[in-house]
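For reference, the structure discussed in these notes is given below.
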Amino acid sequence: MNEDRTIGNIMRADVLRCQPSTPLSEAAQMMQENRCGSILVMEGEHPVGIWTEHDAMGLDLADSRTLEIPIGKVMSAPLVTTAPEVTVSEAGRRMKDEGLRHLVVTGHQGKLLGIVSQTDVIKHFGIQHYMYLRDVRSAVPRTLVTVDSGMSFIDAMKLMRAERSDAAVVLDGDRKPVGIVTERDILRQIATRAPVKSVEEVASKPLFTVSCQTTLLYARDILEQKGFRHLGVVDDHGELAGILSFSDILASLEHEYVRRLEEALHQRDRALEESKRHLNLAHKVIEASLDGIIITDSEGLIEAINPAFTTLTGYLAEEVIGQKPGMLRSGRHDAEFYRQMWNSILTKGHWQGEVWNRRKNGDIFPEWLTITRIQDTEGGSIKYAGIFSDITERKKAEERIRNLAYFDVLTGLPNRRLFNDRLAMAINSARRHHQRLAILFLDLDLFKRINDTLGHSVGDRVLEEMAARLKLCMRDSDTVSRMGGDEFTILMSEIADVEDAVRLARRVVDGISQPFLVEDRELFVTTSIGISVFPEDGDSPEVLVKNADIAMYRAKDLGRNSYQLYTPQMNAKSFERLAMENELRKALERDEFLLNYQVKVNLDTGGIAGAEALVRWKHPDLGLVPPVDFIPLAEDTGLIIPLGEWVLRAACLQNKAWQDRGLPPIRMAVNISPHQFNQPDLVGRVRAILDEAQLDPKYLELEVTESVLMEHMDIASFMLNELRSLGVVTSIDDFGTGYSSLAYLKRIPIDALKIDASFMHDLTTDDSDAEIVSAIIGLAHNLRLKVVAEGVENEDQIAFLRSHGCDEIQGYLVSRPVSSENFERLFAQDLLIQPPGIRVQPKKRKP
């Protein structure tokens, strides 16, 4: 509520006027033309009366002579006037109490200044928020005057006078509101001198209505904007519930005014009561505060301190009162620092910031200080209040956070963010001084095996030792960082030539290849390094790091434990790999994959024991893409999962097709990739594919590698048991190249071991290979496992394997991987190799 706003601020000075002799009809016409609800009757410069729309209600319009009566005969007099200094709220209360719709504002000696209406008062009452929170139901009168549409206008006026209502709702024959008759309609009849008619002809149509949930503020705005005097209010069922006018709103505002006035008085009393406690409370707060508080006079002499000041600085009150706060200065800040501080205090009234001060014992500590200039209400005495807290722990925390943001937690080396910052600065410096620099990108070879087999704690110790060894290899001016995982980078600034980077790479390779002793274990780790040089291999941090990364992967491709300098051809290889990935994604949709089948032969009988399904990619432009080119890519991109499922389905369907054609049933072996094996729904997918192909599970063999089984032994054991319960045969592929541990073989439910082809080449000439193969066969048979030898290419190998009890073989000696059509021809041969003790000439194979 705006208590300071006065009538003089809101009154209208352009008042409609007439002489006492003016006929009523002429005065009414003036009011209608000017859209005004009142007219002042003047004698000279002084108002002597007022005639309003409400006064028209008392006229007898049945008598035509009424319209010619001079307005001075029927005007309201004497005038109710008010001074311009009266507040809006006081004027509103008076209008409500006296039933007034207008107040005439007069000045010295009764001179007319203006006029205010209920509309003006309501508009400027200053409690819009109250009207926003209240709906129209709070202001609508309980009495609703209605008239039938066929009633005469004169009778309607009599009814409105009797009910002391300024409006009546006109109802049709169905008792539905069709309009409203108001004092304004009566004024219009007088102004137009029209013959007296029925209510329906005179009424204002239609009746503008609002919902009973409409806010008072919205209703007031509608009345004001559209120039209405009344609004119909309908209930939640759409039925007319009442009529709302400006008078009704003013009456509700008066109740709010009284309530607000009482509330203001209560607030004043509470404020007076609270003010009595403030000094005591403030004193207690200052005494109990954990922040140091110091108060000085206008000259900067200390007048008071609190106990926390003594706790933080070591000074007692008697040691500092009368002194200046400068006694705490540490000497870390220069005169300009304090000049800016006091400039802020004097111009803005306060200063806040970090300050280093000295305790009584000489310790220097950081504090967060706020100084405020305090002046009394009369603008007299000035004091300064300082509040400070010791932020030593916060500074330490900030340092820890900074280290977390820029340094690797495990190794203490700069992280990727700090490395990139330093690299950007080094490139700018090298560009300005026409110098060269090098980036070495390192990755530990097969580090994942250490984490998976020995645990992450051992892996962490290896990474810590790796960081220590790298520091020993590099110059003081070089930066080594951990980029994440087992990836490290070295920044070499100001190198004379590329050979400097090569020499460092050699030192690193040699240093890392030395055994790591972790938790009484001797571990052997190697690293692959890629090298890029500024400006030859790139002029931005992103390009240099990317090219060093490409060179590192080239070092891995060439056998690991080495380094490679970046060449543009490597980038081309990288783009080629990306293009190959895009083509690989489309290959499944285009049905570009096909299966070849390599026969497995029983060494005892010489006949077919089974087949292994091997996927091939026939690209429309590249032709037959070797598996070595796309299988690793499929594993890296995750495409191996849909591809592996396609292989499994196609192999099962083909095996069933051979059986349906009457060919002998054989077991079909399919390789399962690590990604496939780790899928939680693998068993369900295998079951669904077998059902789809209608293939007996015993004719399907799934081959997995040792590394897959060792990653999660318990999960692998559970998965293989599920497959075995399904009836599927399982085997370990490439056995002898991984862990080859008897302990895990006893725990894993498998049916066969496949000896890796790498042992076959020198089997009959290398005693080591021969001993390994012999041991694998013996190990498998002791565990009641079948043994299959891969890569058999000559009769001497067959003789060795047969003499040591190997069960099955596969290799180029018998057959290369062939199409399904060519594989069917192998069924026609009784013997693919000669069985022991029988010399049989195999049938010639069909072309």
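The values are calculated or read from the model by the stated rules, or taken from the named source; none is laboratory data. Everything quoted here is computed from the prediction, not taken from an experiment. Neighbour counts run over all protein chains shown; Cβ positions are idealised from the backbone, glycine included. Note: areas computed on protein heavy atoms with side chains; ligands, DNA, RNA excluded. Shrake-Rupley method; radii C 1.70, N 1.55, O 1.52, S 1.80 Å.
Considering only residues that are surrounded by 11 or more Cβ atoms within 10 Å (Cβ to Cβ) and more than 17 Å from D390 (Cα to Cα), which ones fall in the stretch 288-310? The answer is I295, T296, D297, S298, G300, L301, I302, E303, A304. Residues in the stretch 616-665 that are at pLDDT below 95, open to solvent by less than 40 Å² (accessible area, probe 1.4 Å) and either in contact with a strand residue (DSSP E or B) (Cβ under 6 Å, 6 or more places away or on another chain) or basic (K, R) (or both): W617, H619, V625, F630.
Name every residue in the stretch 551-570 that is polar (S, T, N, Q) and in contact with a Ser or Thr (Cβ under 7 Å, 6 or more places away or on another chain), in order of residue number. Those that are polar (S, T, N, Q) and in contact with a Ser or Thr (Cβ under 7 Å, 6 or more places away or on another chain): N561, S562. D500 falls short on exactly one of the conditions (1) closer than 24 Å to A424 by Cβ; (2) touching a helix residue (DSSP H, G or I) at 6+ places or on another chain (Cβ under 7 Å); (3) not in a loop (DSSP other than H, G, I, E, B), and that condition is (2).
Residue under question is R416, and the condition is that it be open to solvent by 70 Å² or more (accessible area, probe 1.4 Å), of a type in the set (K, R), farther than 30 Å from L316 by Cβ and in contact with a Gly (Cβ under 8 Å, 6 or more places away or on another chain); does it hold? When the stated conditions are applied, R416 passes them.
With under 27 Å from D557 (Cβ atoms) and open to solvent by 30 Å² or more (accessible area, probe 1.4 Å) as the only criterion, which of D421, D500 stands out?
Going through D421, D500 in turn, the sole match is D500.
Residues of the stretch 142-160 that are among the hydrophobic types (A, V, I, L, M, F, W, C), under 17 Å from A62 (Cα atoms) and either surrounded by fewer than 21 Cβ atoms within 10 Å (Cβ to Cβ) or modelled with pLDDT of 90 or more (or both): M151, I154, L159, M160.
Residues that are in a loop (DSSP other than H, G, I, E, B) and of a type in the set (A, V, I, L, M, F, W, C) were ranked within the stretch 471-497; the one that is surrounded by the fewest Cβ atoms within 10 Å (Cβ to Cβ) is A496.
Answer yes if at least one residue in the stretch 791-806 is in contact with a strand residue (DSSP E or B) (Cβ under 9 Å, 6 or more places away or on another chain), closer than 15 Å to A611 by Cα and either of a type outside the set (A, V, I, L, M) or open to solvent by 40 Å² or more (accessible area, probe 1.4 Å) (or both), and no otherwise. Within the stretch 791-806, one or more residues are in contact with a strand residue (DSSP E or B) (Cβ under 9 Å, 6 or more places away or on another chain), closer than 15 Å to A611 by Cα and either of a type outside the set (A, V, I, L, M) or open to solvent by 40 Å² or more (accessible area, probe 1.4 Å) (or both). Any residue in the stretch 763-775 that is in contact with a helix residue (DSSP H, G or I) (Cβ under 8 Å, 6 or more places away or on another chain), outside any helix (DSSP H, G or I), open to solvent by less than 10 Å² (accessible area, probe 1.4 Å) and farther than 24 Å from R667 by Cα? Yes, that holds for at least one residue.
Open to solvent by less than 80 Å² (accessible area, probe 1.4 Å), in contact with a strand residue (DSSP E or B) (Cβ under 9 Å, 6 or more places away or on another chain), under 13 Å from T313 (Cα atoms) and not charged (D, E, K, R): does that describe W351? The answer is no for W351. Within the stretch 820-834, track down each residue that is open to solvent by 60 Å² or more (accessible area, probe 1.4 Å), free of Cβ contacts under 8 Å to residues at least 40 places away in the same chain and not basic (K, R). Correct list: E821, N822.
Kindly evaluate F388 against the criterion of being over 30 Å from A551 (Cα atoms) and not charged (D, E, K, R). The answer is yes for F388. Scanning the stretch 14-29 for residues that are over 21 Å from L112 (Cα atoms), in contact with a strand residue (DSSP E or B) (Cβ under 9 Å, 6 or more places away or on another chain) and open to solvent by less than 80 Å² (accessible area, probe 1.4 Å) turns up P23, L24, A28. Taking the stretch 347-445 and the strands (runs of 3 or more DSSP E) fully enclosed by it, the elements with 2 or more residues that are touching a Leu at 6+ places or on another chain (Cβ under 7 Å) and in contact (Cβ under 8 Å) with a residue 12 or more places away in the chain are at 350-358, 382-390, 436-444. The combined condition, being open to solvent by less than 80 Å² (accessible area, probe 1.4 Å), at pLDDT 85 or above, more than 60 Å from the chain's Cα centre (by Cα) and not hydroxyl-bearing (S, T, Y), is not fulfilled by D63. Across the stretch 360-403, the number of residues qualifying as of a type in the set (K, R) and either at pLDDT 95 or above or touching a His at 6+ places or on another chain (Cβ under 9 Å) (or both) comes to 1. The number of residues in the stretch 689-709 that are part of a helix (DSSP H, G or I), under 25 Å from T637 (Cα atoms) and open to solvent by less than 40 Å² (accessible area, probe 1.4 Å) comes to 4.
Of all residues in the stretch 556-569, those that are among the aromatic types (F, W, Y) have Cβ atoms under 6 Å from Cβ atoms of residues that are surrounded by 13 or more Cβ atoms within 10 Å (Cβ to Cβ) and assigned to a loop (DSSP other than H, G, I, E, B), 6 or more apart or on another chain, in Y566/D537. Q128 meets each of the listed conditions (1) crowded, with 16+ Cβ neighbours inside 10 Å; (2) farther than 24 Å from L207 by Cα; (3) modelled with pLDDT under 85 apart from (1).
A search for C-beta distances below 7 Å between a residue of the stretch 5-19 that is over 16 Å from M30 (Cβ atoms) and any residue that is open to solvent by less than 80 Å² (accessible area, probe 1.4 Å) and part of a helix (DSSP H, G or I), counting only pairs 6+ apart in sequence or on different chains, returns R5/V88; T6/V88; I7/V88; I7/A91; I10/V88; I10/D120. May I ask you to verify whether I732 is free of Cβ contacts under 8 Å to residues at least 40 places away in the same chain, surrounded by 16 or more Cβ atoms within 10 Å (Cβ to Cβ) and not small (G, A, S)? Yes, satisfied. Search the stretch 311-342 for residues being more than 16 Å from G292 (Cβ to Cβ), within 48 Å of the chain's Cα centre (by Cα) and small (G, A, S), and hand back the single one that is surrounded by the fewest Cβ atoms within 10 Å (Cβ to Cβ). Looking at the filtered set, the residue picked out is A335. Regarding the stretch 747-769, can at least one residue be identified that is modelled with pLDDT under 90, touching a His at 6+ places or on another chain (Cβ under 9 Å) and of a type outside the set (V, I, T)? Yes.
Under the condition of being surrounded by 16 or more Cβ atoms within 10 Å (Cβ to Cβ) and either at positive phi or touching a residue at least 60 places away in the same chain (Cβ under 8 Å) (or both), the residues counted in the stretch 85-114 number 17.
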